[in-house]
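The values are calculated or read from the model by the stated rules, or taken from the named source; none is laboratory data. These figures come from a predicted structure and were not determined experimentally. Glycine gets a Cβ as well: all are built from the backbone with ideal geometry, and neighbour counts include every protein chain shown. Each accessible area value is taken on the protein alone, full model and side chains, heavy atoms only, with ligands, DNA and RNA left out. Shrake-Rupley method; radii C 1.70, N 1.55, O 1.52, S 1.80 Å.
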Amino acid sequence: RTSDGGASFNPVYSGNVSSVAFLSASIAVAIADDVFVRSIDGGLNWVAGAGAAGRSQLLTLSAGVVLAWGRSGDFPDYDDRILRSADGGLTWTDLGEPVSEGIYSFGIADAQNVVASDNLGNIFHSANAGLTWAQTFTSPGPMPGYLSSVEPVFSGSTGYFGYGAGFIIKTTDSGASWTQISSGSGTSLNDIGRFPDGSLIAV
(Lines give C-alpha, C1' and ligand atoms only; values in the text may rest on other atoms or scores of the structure.)
Protein backbone atom coordinates (compact mmCIF):
# COMPACT_ATOMS: atom_id res chain seq x y z
CA ARG A 1 0.00 0.00 0.00
CA THR A 2 1.17 3.55 -0.76
CA SER A 3 -0.01 6.78 0.83
CA ASP A 4 2.48 9.10 -0.87
CA GLY A 5 1.51 8.74 -4.51
CA GLY A 6 3.65 5.69 -5.16
CA ALA A 7 6.97 6.97 -3.82
CA SER A 8 7.04 4.16 -1.26
CA PHE A 9 5.03 1.01 -0.49
CA ASN A 10 4.44 -1.03 2.65
CA PRO A 11 3.09 -4.62 2.76
CA VAL A 12 -0.41 -4.82 4.24
CA TYR A 13 -1.56 -8.32 3.28
CA SER A 14 0.30 -11.54 2.51
CA GLY A 15 -1.11 -14.06 0.05
CA ASN A 16 -1.55 -15.00 -3.60
CA VAL A 17 -3.53 -11.95 -4.69
CA SER A 18 -5.08 -11.99 -8.17
CA SER A 19 -7.13 -8.76 -8.19
CA VAL A 20 -7.83 -5.62 -6.16
CA ALA A 21 -10.62 -3.07 -6.69
CA PHE A 22 -11.49 0.14 -4.85
CA LEU A 23 -15.21 0.88 -4.50
CA SER A 24 -14.56 4.20 -2.73
CA ALA A 25 -11.65 6.00 -1.10
CA SER A 26 -12.03 3.79 1.98
CA ILE A 27 -13.59 0.49 0.81
CA ALA A 28 -11.59 -1.99 -1.24
CA VAL A 29 -12.10 -5.63 -2.17
CA ALA A 30 -9.47 -8.15 -3.25
CA ILE A 31 -9.22 -11.82 -4.15
CA ALA A 32 -6.43 -13.55 -2.24
CA ASP A 33 -5.88 -17.32 -2.08
CA ASP A 34 -9.35 -17.81 -3.64
CA VAL A 35 -11.02 -15.84 -0.84
CA PHE A 36 -12.60 -12.39 -0.91
CA VAL A 37 -10.81 -9.99 1.44
CA ARG A 38 -12.11 -6.54 2.27
CA SER A 39 -10.75 -3.28 3.65
CA ILE A 40 -12.74 -0.37 5.08
CA ASP A 41 -9.76 1.89 5.83
CA GLY A 42 -8.31 2.50 2.39
CA GLY A 43 -6.40 -0.76 2.17
CA LEU A 44 -4.53 -0.54 5.46
CA ASN A 45 -6.20 -3.55 7.10
CA TRP A 46 -7.93 -6.52 5.44
CA VAL A 47 -10.48 -9.05 6.65
CA ALA A 48 -11.13 -12.37 4.91
CA GLY A 49 -14.69 -13.27 3.96
CA ALA A 50 -16.42 -15.71 1.62
CA GLY A 51 -14.71 -18.01 -0.85
CA ALA A 52 -14.17 -16.61 -4.35
CA ALA A 53 -15.16 -19.84 -6.17
CA GLY A 54 -12.18 -19.67 -8.48
CA ARG A 55 -12.90 -16.13 -9.71
CA SER A 56 -9.76 -14.09 -10.41
CA GLN A 57 -10.90 -10.63 -11.59
CA LEU A 58 -12.93 -7.80 -10.06
CA LEU A 59 -15.00 -5.08 -11.76
CA THR A 60 -16.26 -2.07 -9.79
CA LEU A 61 -19.62 -0.71 -10.98
CA SER A 62 -20.42 1.67 -8.11
CA ALA A 63 -19.67 2.33 -4.46
CA GLY A 64 -21.81 -0.69 -3.58
CA VAL A 65 -21.68 -3.05 -6.54
CA VAL A 66 -18.71 -5.13 -7.65
CA LEU A 67 -18.52 -8.18 -9.93
CA ALA A 68 -16.10 -11.08 -9.64
CA TRP A 69 -15.30 -13.07 -12.77
CA GLY A 70 -12.57 -15.04 -14.50
CA ARG A 71 -12.53 -18.45 -16.15
CA SER A 72 -11.52 -21.50 -14.14
CA GLY A 73 -11.79 -25.23 -14.72
CA ASP A 74 -10.55 -27.31 -17.63
CA PHE A 75 -11.62 -27.85 -21.23
CA PRO A 76 -14.36 -28.55 -22.13
CA ASP A 77 -16.02 -27.87 -18.76
CA TYR A 78 -14.85 -24.32 -18.14
CA ASP A 79 -16.38 -22.46 -15.19
CA ASP A 80 -17.43 -18.95 -16.35
CA ARG A 81 -19.64 -17.95 -13.43
CA ILE A 82 -20.05 -14.33 -12.35
CA LEU A 83 -20.34 -13.46 -8.66
CA ARG A 84 -21.94 -10.16 -7.62
CA SER A 85 -21.89 -8.12 -4.44
CA ALA A 86 -24.37 -5.31 -3.86
CA ASP A 87 -23.11 -4.36 -0.39
CA GLY A 88 -19.53 -3.36 -1.05
CA GLY A 89 -18.08 -6.85 -0.98
CA LEU A 90 -19.63 -8.07 2.28
CA THR A 91 -21.80 -10.78 0.71
CA TRP A 92 -21.82 -12.37 -2.74
CA THR A 93 -24.45 -13.87 -5.05
CA ASP A 94 -23.64 -16.50 -7.67
CA LEU A 95 -25.23 -15.39 -10.97
CA GLY A 96 -24.32 -18.59 -12.80
CA GLU A 97 -22.98 -18.33 -16.36
CA PRO A 98 -24.96 -15.61 -18.19
CA VAL A 99 -22.10 -15.39 -20.72
CA SER A 100 -21.68 -19.06 -21.53
CA GLU A 101 -18.78 -18.71 -23.99
CA GLY A 102 -16.61 -16.97 -21.40
CA ILE A 103 -16.07 -13.27 -20.77
CA TYR A 104 -13.49 -11.63 -23.01
CA SER A 105 -13.86 -8.11 -21.57
CA PHE A 106 -16.26 -5.68 -19.91
CA GLY A 107 -17.30 -2.12 -20.78
CA ILE A 108 -19.14 0.27 -18.47
CA ALA A 109 -21.49 2.96 -19.77
CA ASP A 110 -22.71 4.03 -16.32
CA ALA A 111 -23.41 2.52 -12.89
CA GLN A 112 -26.43 0.61 -14.24
CA ASN A 113 -25.46 -0.20 -17.83
CA VAL A 114 -22.58 -2.60 -18.35
CA VAL A 115 -21.71 -4.81 -21.32
CA ALA A 116 -19.68 -7.99 -21.60
CA SER A 117 -18.09 -9.36 -24.74
CA ASP A 118 -17.50 -13.07 -25.01
CA ASN A 119 -14.73 -15.02 -26.68
CA LEU A 120 -16.72 -15.31 -29.92
CA GLY A 121 -17.28 -11.55 -30.33
CA ASN A 122 -20.89 -11.51 -29.06
CA ILE A 123 -22.14 -8.77 -26.73
CA PHE A 124 -24.25 -9.12 -23.59
CA HIS A 125 -25.91 -6.18 -21.82
CA SER A 126 -27.08 -5.57 -18.26
CA ALA A 127 -29.32 -2.60 -17.43
CA ASN A 128 -29.37 -3.30 -13.68
CA ALA A 129 -25.72 -3.17 -12.62
CA GLY A 130 -24.89 -6.72 -13.60
CA LEU A 131 -27.81 -8.47 -11.95
CA THR A 132 -29.36 -9.88 -15.14
CA TRP A 133 -27.97 -10.17 -18.67
CA ALA A 134 -29.29 -10.39 -22.24
CA GLN A 135 -27.41 -10.96 -25.50
CA THR A 136 -27.72 -7.85 -27.67
CA PHE A 137 -25.27 -8.57 -30.50
CA THR A 138 -24.26 -11.75 -32.33
CA SER A 139 -20.97 -11.72 -34.20
CA PRO A 140 -21.36 -12.58 -37.89
CA GLY A 141 -18.08 -14.45 -37.83
CA PRO A 142 -15.08 -12.36 -36.72
CA MET A 143 -13.67 -13.16 -33.29
CA PRO A 144 -11.44 -11.17 -30.92
CA GLY A 145 -7.77 -12.02 -31.29
CA TYR A 146 -6.22 -14.08 -28.53
CA LEU A 147 -3.52 -11.48 -27.84
CA SER A 148 -5.79 -8.43 -28.30
CA SER A 149 -6.62 -6.16 -25.36
CA VAL A 150 -9.67 -4.59 -26.98
CA GLU A 151 -12.75 -3.92 -24.83
CA PRO A 152 -16.01 -2.00 -25.28
CA VAL A 153 -15.52 1.72 -24.55
CA PHE A 154 -18.15 4.39 -23.89
CA SER A 155 -18.51 8.15 -24.08
CA GLY A 156 -21.86 8.66 -22.41
CA SER A 157 -24.43 6.30 -23.92
CA THR A 158 -22.40 5.93 -27.14
CA GLY A 159 -19.98 3.06 -27.24
CA TYR A 160 -17.77 1.13 -29.64
CA PHE A 161 -16.32 -2.35 -29.74
CA GLY A 162 -13.86 -3.61 -32.34
CA TYR A 163 -11.91 -6.79 -32.87
CA GLY A 164 -10.49 -9.14 -35.47
CA ALA A 165 -9.40 -7.57 -38.75
CA GLY A 166 -10.87 -4.13 -38.09
CA PHE A 167 -14.46 -5.22 -37.38
CA ILE A 168 -16.26 -2.43 -35.43
CA ILE A 169 -19.76 -2.12 -33.93
CA LYS A 170 -21.45 0.87 -32.30
CA THR A 171 -24.18 1.48 -29.73
CA THR A 172 -26.03 4.71 -28.91
CA ASP A 173 -28.19 3.30 -26.10
CA SER A 174 -25.58 2.16 -23.56
CA GLY A 175 -25.26 -1.30 -25.06
CA ALA A 176 -28.92 -2.28 -25.43
CA SER A 177 -28.47 -2.55 -29.22
CA TRP A 178 -25.52 -2.47 -31.64
CA THR A 179 -24.93 -1.57 -35.29
CA GLN A 180 -22.06 -2.81 -37.43
CA ILE A 181 -20.15 0.18 -38.85
CA SER A 182 -17.10 -1.56 -40.33
CA SER A 183 -16.81 -4.96 -41.98
CA GLY A 184 -13.06 -4.96 -41.50
CA SER A 185 -9.88 -3.21 -42.54
CA GLY A 186 -7.88 -6.35 -43.30
CA THR A 187 -5.44 -5.63 -40.47
CA SER A 188 -5.69 -6.55 -36.82
CA LEU A 189 -7.51 -4.17 -34.49
CA ASN A 190 -5.67 -4.37 -31.19
CA ASP A 191 -7.42 -1.86 -28.95
CA ILE A 192 -9.92 1.00 -28.69
CA GLY A 193 -9.32 3.61 -26.01
CA ARG A 194 -11.12 6.63 -24.55
CA PHE A 195 -9.55 9.96 -23.63
CA PRO A 196 -10.82 11.95 -20.61
CA ASP A 197 -12.67 14.40 -22.92
CA GLY A 198 -14.64 11.54 -24.49
CA SER A 199 -12.62 11.28 -27.70
CA LEU A 200 -11.92 7.75 -28.88
CA ILE A 201 -8.97 6.19 -30.70
CA ALA A 202 -8.58 2.81 -32.40
CA VAL A 203 -5.21 1.21 -33.16
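By its C-alpha gyration tensor, with a ≥ b ≥ c as the square roots of the eigenvalues, how is segment 61-133 shaped: rounded for a/c under 1.5, else prolate for a/b larger than b/c, else oblate? Don't jump to the answer; show the numbers that get you there.
Numbers: a/c = 2.45, a/b = 1.34, b/c = 1.83.
Oblate, because a/c is 1.5 or more while a/b does not exceed b/c.
I'd like the carbon and sulfur percentage of the solvent accessible area for the chain, probe radius 1.4 Å, heavy atoms only, ligands and nucleic acids excluded. Don't jump to the answer; show the numbers that get you there.
On the way: 5250 of 9900 Å².
C and S atoms contribute 53 percent here.
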Given the chain, longest segment not containing exposed loop chymotrypsin sites (Phe, Trp or Tyr not before Pro) (DSSP; at most 12 other Cβ within 10 Å): 10-145
Springs between alpha-carbon pairs under 10 angstrom, Gaussian network model over the chain: which of 87, 118, 110 fluctuates most? 87
State the answer as a single residue: which of 184, 76, 116 lies farthest towards the positive end of the charge dipole of the chain, with beta carbon charges of +1 for Lys and Arg and -1 for Asp and Glu, about the Cα centre. 184
Nearest-0.05 FRET efficiency for residue 195 and residue 75, computed from C-beta distance (R0 45 Å): 0.70
Which entry in (1) 51, 48, 29; (2) 56, 40, 35; (3) 50, 40, 30 is this structure's computed Cα extents along the principal axes in Å? (3)
Positive end of the charge dipole of the chain (Lys, Arg +1 and Asp, Glu -1 on Cβ, about the Cα centre): tell me which of 137, 32, 153 has its Cα farthest that way. 153
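Can you give the accessible area per residue of segment 5-56, in Å², using a 1.4 Å probe? If you can, show how the numbers build up before the last one.
Details: 2730 Å² over 52 residues.
Using a 1.4 Å probe on heavy atoms only, each residue of segment 5-56 averages 53 Å².
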Name the residue, out of 61, 44, 189, whose mean-square fluctuation peaks in a Gaussian network model built on the chain with Cα pairs under 10 Å. 44
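Any idea what the dipole of the chain comes to, in debye rounded to 20, about its Cα centre with Lys/Arg Cβ at +1 and Asp/Glu Cβ at -1?
Numbers: 8 positive and 18 negative charges, 60 e Å.
Dipole of the chain, to the nearest 20 debye: 280 debye.
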